[in-house]
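Reviewing the structure listed below.
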Amino acid sequence: MLDETHSVDLTLQDLELIEAALQTQEKILSVQSRAGGNAARTRLNDLKGLMRRLRRQTPSSQGAPAATWSQAARQLFF
């Protein structure tokens, strides 16, 4: 089945705020899934996929520092 995509007009600040909220949600779902919540584990996996797509589609700011090795490794595994 094909997913429908929609264009949304968001600023870079909007995207950063959304990403921060998703990171908080990721922490909550991570704790819930470790406590044995299968539904939380499923939602956590869905959320991680959404966050990867969001990072790919977010334009990088010109003045942003390059990611450190630990940040790059964390993105690969978490």
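We did not get these values from a lab; they are worked out from the coordinates using the rules stated. Computed from a predicted structure; not experimentally measured. Glycine gets a Cβ as well: all are built from the backbone with ideal geometry, and neighbour counts include every protein chain shown.
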* To do: Please give the contour-minus-distance gain from Gln57 to Asn38: 0.36 nm per residue of separation, less the Cα-Cα distance, rounded to one decimal in nm.
  => 3.9 nm
* To do: Place the peptides 23-33, 47-57, 4-14 in order of packing, highest mean first, counting for every residue the other Cβ atoms within 10 Å and averaging per peptide.
  => 23-33, 47-57, 4-14
* Points 7 angstrom from Cα along the Cβ direction at Lys48 and Leu12: gap in nanometres? -> 2.9
